[in-house]
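The values are calculated or read from the model by the stated rules, or taken from the named source; none is laboratory data. None of the values given here were measured: they were computed from a predicted structure. Because the Cβ atoms are built from the backbone with ideal geometry, glycine has one as well, and the counts that use them run over all protein chains shown.
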Amino acid sequence: MAVTTATRAVVAGPRGRRRRSPATAYSWSSLLYVAPALLFFGVFVIYPICISVQTSFYAYDGLTVATPVGAANYVAVFTDPSLREALLHSLVLLVFYAALPVAIGLVLAGALSRIRIYGLTFFRAALFIPQVLSSVVVAVAWRGLLATDGPVNDALRAVGLGSIATSWLGNFDTALPAVGAIGTWVQYGLCMVLFLGGIVGIDRSLYEAARLDGAGAVREFRAITLPALRPQISIALILCITFALRNFDIIWNTTRGGPGTSTAVPSVYIYQDAFQNRALGQASALAVVLTLLILVIVGLVQLALRERSDVGARSRRHSGGAR
Amino acid sequence: MTPFSRTSPSRRLLLGGLVGLSAVTLVGCAAPGSGSGSAAVEQDEITSTVTAEQIADLGDVTLTLWADQAEEPLMGLLVPAYEEAYPNVTVDVTYKSFDDLIATVVNAANSADAPDLFQGNIGYAVDGALVKAGLVRPLDDVASVYGWEDGTGASTLAPSRWTEDGSTFGDGTLYGMSPISEVQGIYYNEAKLAELGLEAPESIEDLEAALPVAAEAGETPIMLGNSDQYAATHIFSDIAATTQDPEDIRAWIGGDPDETFATDGNIEAAETMAEWASNGYFGEGYDGLGNQDAIARFAEGDGVFFVGGSWNGAYLDADDFGFGALASGGVGATASPWHISSSSDEAIASIAFLDMLHSPETAQWILDEGRLPVVTDGVTASGDLQQQTLDALTATIEAGTQVGYYDWTTTDMLSVMGGGLQEVMAGRTSAEEFVDAVQTAWSKEHGAS
């Protein structure tokens, strides 16, 4: 333990100094380099966000002059039972869209990095394909796969599980998990590729050392691979959670939030309010709340996964003080 | 090492400050919707038909149109005919898919270079918004000069009539005209009917008697694809039009605050839907099947009946399928109406175009394209299926039972009623709860109990 702390301190030393230097050499001329990107970002990201925030305090149909309504739109967001239900659905989808893909990605990355497989590049590319496909294509394909007489049910019947065969997307009880499963399929490839990239960067000698100490595959994975992949896991979770909470196209193109409201999520209501009901103020308020929710959850995940490096930083300061 | 930790606290503060500052500046600005947009120009009423000389006096002008993609074959015939009649006018048509059109046409009509002539959609979401914002020219003068109010198509104008404030429709000032009509009813697979020893159903009772026979023979009685949530509402409306006066349904859809959805007739219709669903008359997994997939399966011989509208006929082989109306006269509606922009300088050229759209020649073209015209006098159908559909339409228009579609009545009715009906059919809510929920959503817009 003491050795590792010392190593960290040595590594952290120069890095810490390097990090500080641009701040001291900060000059306005450097802004020129980022100005084009900043302008683009401002016009297409910051400005629309500000307009959304402004609109959320009005009743606005997109045509006639808007009337200010104070926080009424926000009150509606927090009191509407159907929106509460939609948020609950989002939380369930977090499991399918974030937790499962990361878990599957870890297992696959661990396996692919350990076993020498012929045509590894091919498998890596094939497993990444769901991420490349347009989500409408994905949704239409899965609608066919999950249909009453689709391949999924055919497979179930073939192995004698015909009794659980159902219209997965059309059944009130299975629609949400079914939509979730599609998300898992879309996201796991991204996680896997991220983790594979991270594994390449792990010093092979660590594995050799572990093997000499008699560690098995599982132990090796838990003691070396998993901790080393912390930054990749953090990024994968951020991407997946954002995808889960703002997910719209997969749900809209498979179930439209149905049957009933069993797969309705906030973004379905945002779309309906903005483009069908012409209630732009209400839609904006919901969008702002959803954005803040995503920021908070992503922030919490970051905080949770940064804990270890904070401990490192503390001991770094500690050892620095002792020196 | 997360990417965010690279920003120093002071810089983060600066960035945050900038964002906050710009937000505050913006919020301090004028309310959304003030300024910009199209400016209505003075529109002269016409007192006699527009003459070719009047249009020639306009000089070289371009008439810009926004149309539904589905109109492209019709426009392909109509536009050359128009340009030949009025050589100084160039017609420039922009086609949009239906979903795209209804999502963007209101904003386009509100823009500085609004199209002269465009299609809207009946109901509050599109036409209501257009009327409320004063973006479309009233057409009462055109209707009376060109005689639209006489003849078979007259009653089809009703859904384009609005009160001045855009709060109710069905009566009032005319703002649009559609040359195309639709009729709802039932398609049947003729070979299967013969096999089962059944006659073509002419009423809901006939159908109700036929359904168990089909089910016992191992067929899917009614092919239904309801994942888009609207297909079942069409079946519901066919039943509901027989359990109450269609006039009341039309008034409710039009937003008449004295009407209610919580009627015995609607409860009965919803109960029938639930009963048919639990008896398996819609087959398995209809909520997981899209409407388009369902019609494709039906065309391939899966299912005995398909309850839908004349717009589905194009997918079916006329030799193998028949069509009949279920309600007395059948339920139907008018397709997306055409509107003249209130900011158009070439209104008389647009009026001449609408006149051509409403002519018997165009009506025959419409029928030849496999759709139904509102002008049915003197058109001839080709084939049995088309004749049956046309008969159902004529009967509907004459009986005045073109009640329209439920989703016209409020902007969110499609999802409220579509989702609610899914719950009723799955046995998760009662018919009473369903009609109450629909009425509650409707009252938010139309202010009744």
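If a residue counts only when it is more than 15 Å from the chain's Cα centre (by Cα), which helices (runs of 4 or more DSSP H) contained entirely in the range A:202-304 have at least 2 such residues?
Working: elements: A:204-212, A:217-220, A:230-245, A:249-254, A:266-271.
Where helices (runs of 4 or more DSSP H) fall fully within the range A:202-304 and carry at least 2 residues being more than 15 Å from the chain's Cα centre (by Cα), they are A:204-212, A:217-220, A:249-254, A:266-271.
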**Study point:** Which listed residue is out of contact with any Asp or Glu (no Cβ under 7 Å at 6 or more places or on another chain), part of a helix (DSSP H, G or I) and within 14 Å of chain A (Cβ to nearest Cβ), from B:Gly419, B:Gly427
**Key:** B:Gly419
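This table checks each residue for (1) closer than 30 Å to A:Ile199 by Cβ; (2) modelled with pLDDT of 90 or more; (3) basic (Lys, Arg).
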position: A:Ser113; (1), (2), (3): yes, no, no
position: A:Gly119; (1), (2), (3): yes, no, no
position: A:Arg124; (1), (2), (3): yes, no, yes
position: A:Pro130; (1), (2), (3): yes, no, no
position: A:Val138; (1), (2), (3): yes, yes, no
position: A:Leu145; (1), (2), (3): no, yes, no
position: A:Thr148; (1), (2), (3): no, no, no
position: A:Pro151; (1), (2), (3): no, yes, no
Check your understanding: Cβ-Cβ below 9 Å, separation at least six or inter-chain, first residue in the range A:249-262 and in contact (Cβ under 8 Å) with a residue 24 or more places away in the chain and over 15 Å from B:Gly290 (Cβ atoms), second of a type in the set (A, V, I, L, M, F, W, C) and part of a loop (DSSP other than H, G, I, E, B): which pairs?
Key -> A:Gly260/A:Phe172; A:Gly260/B:Ala426; A:Ser262/A:Phe172
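Conditions (1) out of contact with any Phe, Trp or Tyr (no Cβ under 7 Å at 6 or more places or on another chain); (2) modelled with pLDDT of 90 or more; (3) at the interface with chain A (Cβ under 9 Å from one of its Cβ atoms); (4) closer than 22 Å to B:Gly176 by Cβ, marked per residue:
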| residue | (1), (2), (3), (4) |
| --- | --- |
| B:Val19 | yes, no, yes, no |
| B:Thr25 | yes, no, yes, no |
| B:Ala40 | yes, no, no, yes |
| B:Asp44 | yes, no, no, yes |
| B:Leu65 | no, yes, no, yes |
| B:Gln69 | no, no, no, yes |
| B:Asp100 | yes, no, no, yes |
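Being within 11 Å of chain B (Cβ to nearest Cβ) and either surrounded by fewer than 20 Cβ atoms within 10 Å (Cβ to Cβ) or farther than 17 Å from A:Val200 by Cα (or both) is the filter here; which residues of the range A:221-233 pass it?
From the range A:221-233, those within 11 Å of chain B (Cβ to nearest Cβ) are A:230-232; that's our starting set.
If the condition is that a residue be within 11 Å of chain B (Cβ to nearest Cβ) and either surrounded by fewer than 20 Cβ atoms within 10 Å (Cβ to Cβ) or farther than 17 Å from A:Val200 by Cα (or both), then A:Arg230, A:Pro231 are the ones that fit.
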Exercise for review: Can you run down the residue pairs with Cβ atoms below 8 Å, 6 or more apart or on separate chains, where the first is in the range B:87-110 and over 23 Å from B:Pro73 (Cβ atoms) and the partner is surrounded by fewer than 13 Cβ atoms within 10 Å (Cβ to Cβ) and of a type outside the set (Gly, Ala, Ser)?
Suggested key: B:Asn88/B:Asp60
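When the residues of the range A:80-105 are narrowed to those that are away from chain B (no Cβ under 14 Å) and over 15 Å from the mean Cα position of the chain (by Cα), which ends up surrounded by the most Cβ atoms within 10 Å (Cβ to Cβ)?
Going through the range A:80-105, the residues away from chain B (no Cβ under 14 Å) turn out to be A:84, A:87-88, A:90-105.
Now drop any that are not over 15 Å from the mean Cα position of the chain (by Cα), which leaves A:84, A:87-88.
Details: A:Arg84: 12, A:Leu87: 15, A:Leu88: 12.
Taking the candidates together, the pick is A:Leu87.
Kindly evaluate B:Ser178 against the criterion of being under 17 Å from the mean Cα position of the chain (by Cα) and closer than 26 Å to B:Asp368 by Cα. Outline the logic, then answer.
Values: under 17 Å from the mean Cα position of the chain (by Cα): yes; closer than 26 Å to B:Asp368 by Cα: yes.
Against the criterion (under 17 Å from the mean Cα position of the chain (by Cα) and closer than 26 Å to B:Asp368 by Cα), B:Ser178 qualifies.
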Review point. In this structure, is B:Ala333 surrounded by fewer than 24 Cβ atoms within 10 Å (Cβ to Cβ), within 30 Å of B:Gln43 (Cα to Cα) and more than 14 Å from chain A (Cβ to nearest Cβ)?
Key: yes
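Give, as residue ranges, the helices (runs of 4 or more DSSP H) completely inside the range B:206-286 that count at least 1 residues that are more than 26 Å from the chain's Cα centre (by Cα).
Those helices (runs of 4 or more DSSP H) span B:264-278.
For the range A:37-156, which helices (runs of 4 or more DSSP H) that fit wholly inside it have 3 or more residues that are on the phi < 0 side of the Ramachandran plot and of a type in the set (S, T, N, Q)?
Fully inside the range A:37-156 and qualifying: A:47-55.
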Review point. Which condition breaks for B:Glu149 when tested against (1) part of a loop (DSSP other than H, G, I, E, B); (2) touching a helix residue (DSSP H, G or I) at 6+ places or on another chain (Cβ under 6 Å); (3) within 14 Å of chain A (Cβ to nearest Cβ)?
Key: (3)
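Here is a yes/no grid of residues against (1) modelled with pLDDT of 90 or more; (2) closer than 18 Å to B:Gly308 by Cβ; (3) within 14 Å of chain A (Cβ to nearest Cβ):
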position: B:Ser203; (1), (2), (3): no, yes, no
position: B:Glu216; (1), (2), (3): yes, no, no
position: B:Asn226; (1), (2), (3): yes, yes, yes
position: B:Tyr230; (1), (2), (3): no, yes, yes
position: B:Ile235; (1), (2), (3): yes, yes, no
**Study point:** Hits in the range B:385-415 - residues which are away from chain A (no Cβ under 14 Å) and β-branched (Val, Ile, Thr)
**Key:** B:Thr389, B:Thr394, B:Thr396, B:Ile397, B:Thr401, B:Val403
